[in-house]
Amino acid sequence: MKVRPFEGETEAQMKEIIKKIVDRLDTDMVNFCQRTIRVPSLSGDEKKVSEVYMEEMLRLGYDDVFRDEWGNISMFLKVSELPKESFIVE
């Protein structure tokens, strides 16, 4: 994997930043999966689990998170406003 550095960081510095982000996200993803598994969500009764999804997307900083009339969750993120620790992986 080739990493293109931002703002003067070396490739080694960027790889270290990526590792820290992945380590943090790994724990967050496991916790999120555990929370969703604990919520009963039989077909036609998914509202409670959709609330878990909505809370997580808001926590992650999505700009707009909403439930449509059928109960589907949609979220939007403004790409132009990504945080400094964003990176490009080629």
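FYI, it's all coordinate maths here, none of it is from the lab. This is a predicted model, so every value here is computed, not measured. Virtual Cβ from ideal backbone geometry, glycine too; neighbours counted across all protein chains shown.
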Between beta-carbons, use under 14 Å as the cut-off and find the net charge around G71, counting Lys and Arg +1, Asp and Glu -1. -2
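Just need the Rg to Rh number for region 21-81, please, alpha carbons only, Kirkwood Rh. Can you show the working numbers first?
Details: Rg = 12.9 Å, Rh = 12.7 Å.
My calculation of the ratio gives 1.01.
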How much FRET efficiency would the formula 1/(1 + (r/R0)^6) give for K47 and D26, where r is the Cβ-Cβ distance and R0 is 30 Å, rounded to 0.05? 0.60
Return the FRET efficiency for the residue pair F76, T10: r is the Cβ-Cβ distance, R0 is 22 Å, and the value is rounded to the nearest 0.05. 0.10
